[in-house]
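A.B. asks: Got a structure for you, written out below as structure tokens; questions coming shortly.
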Amino acid sequence: MIKIICIGKIKEKYFQDAILEYQKRISKYTKIEIIELPDFDYDLKKTLSKEKENILKVLNEKDYNILLDIDGHSYTSVEFASKFDKLRTTNRNISFIIGGSYGIDDEIRKICKERISFSSLTFPHQLFRVILLEQIYRLFKIMNNEEYHK
């Protein structure tokens, strides 16, 4: 099972539609759950603390937890598919964590087994959720030798 733990709700219908479409496509290969947690707009320290508390409530340390982090390791789509395929053999659940606009608390960083970066660029969180889902769908197509990835 794949879990996506993310801060903030998707308000724009076009992002909601894209997310639903990729969830539907991915569900042919595995169960997927998106856990949306509230975002906060306090000062930096208080915001990170509140978001950390909420993430810890839903995070299972037995899962293979991956933090999406601009300073994380970068993979090509093919490398990502290969890595994911290996992870599935030894991990029942793989969770991806998308932090809020202030980033993520260091305690969450320490709990995660890996940090992955999709780019050095900064993306809006709503758009990044779509990008992550598309890449998850792509890795299943690659792992199953199905046409999609070019």
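A.B. asks: From ASP71, ASP39, grab the single residue that is in contact with a Gly (Cβ under 8 Å, 6 or more places away or on another chain), under 30 Å from TYR14 (Cα atoms) and charged (D, E, K, R).
C.D. replies: ASP39
A.B. asks: From the residues in region 109-133 that are of a type outside the set (S, T, N, Q) and in a loop (DSSP other than H, G, I, E, B), which one is farthest from GLY8 (Cα to Cα)?
C.D. replies: Within region 109-133, the match that is farthest from GLY8 (Cα to Cα) is LYS113.
A.B. asks: Pick from region 78-102 the residues that are small (Gly, Ala, Ser) and crowded, with 16+ Cβ neighbours inside 10 Å: which of them is nearest to LYS9 (Cα to Cα)? Write out each step before concluding.
C.D. replies: Going through region 78-102, the residues small (Gly, Ala, Ser) turn out to be 81-82, 95, 99-101.
Next, only the ones that are crowded, with 16+ Cβ neighbours inside 10 Å stay: 81, 95, 99-100.
Details: ALA81: 27, SER95: 18, GLY99: 12, GLY100: 11 Å.
Filtering first and then ranking leaves GLY100.
A.B. asks: Shifting gears a bit: Pull up region 107-126, narrow it to residues that are at pLDDT 95 or above and aliphatic (A, V, I, L, M), then point me to the one that is farthest from GLU21 (Cα to Cα).
C.D. replies: ILE108
A.B. asks: Related question: List pairs: first in region 40-64 and in a helix (DSSP H, G or I) and buried (at least 18 other Cβ atoms within 10 Å of the Cβ), second modelled with pLDDT of 95 or more and among the aromatic types (Phe, Trp, Tyr), Cβ under 9 Å, 6+ apart or cross-chain?
C.D. replies: As it stands, the answer is none, since no pair meets every condition given.
A.B. asks: OK, next. Say we look at region 1-39 and pick out the residues that are assigned to a loop (DSSP other than H, G, I, E, B) and acidic (Asp, Glu); which of these is surrounded by the most Cβ atoms within 10 Å (Cβ to Cβ)?
C.D. replies: Applying the filter and picking the extreme gives ASP39.
A.B. asks: Looking at this structure, is SER95 of a type in the set (S, T, N, Q), touching a residue at least 40 places away in the same chain (Cβ under 8 Å) and under 30 Å from ASN145 (Cβ atoms)?
C.D. replies: For SER95, the condition - of a type in the set (S, T, N, Q), touching a residue at least 40 places away in the same chain (Cβ under 8 Å) and under 30 Å from ASN145 (Cβ atoms) - is met.
The values are calculated or read from the model by the stated rules, or taken from the named source; none is laboratory data. These figures come from a predicted structure and were not determined experimentally. So basically every Cβ, Gly included, is an ideal-geometry build from the backbone, and we count neighbours across all protein chains shown.
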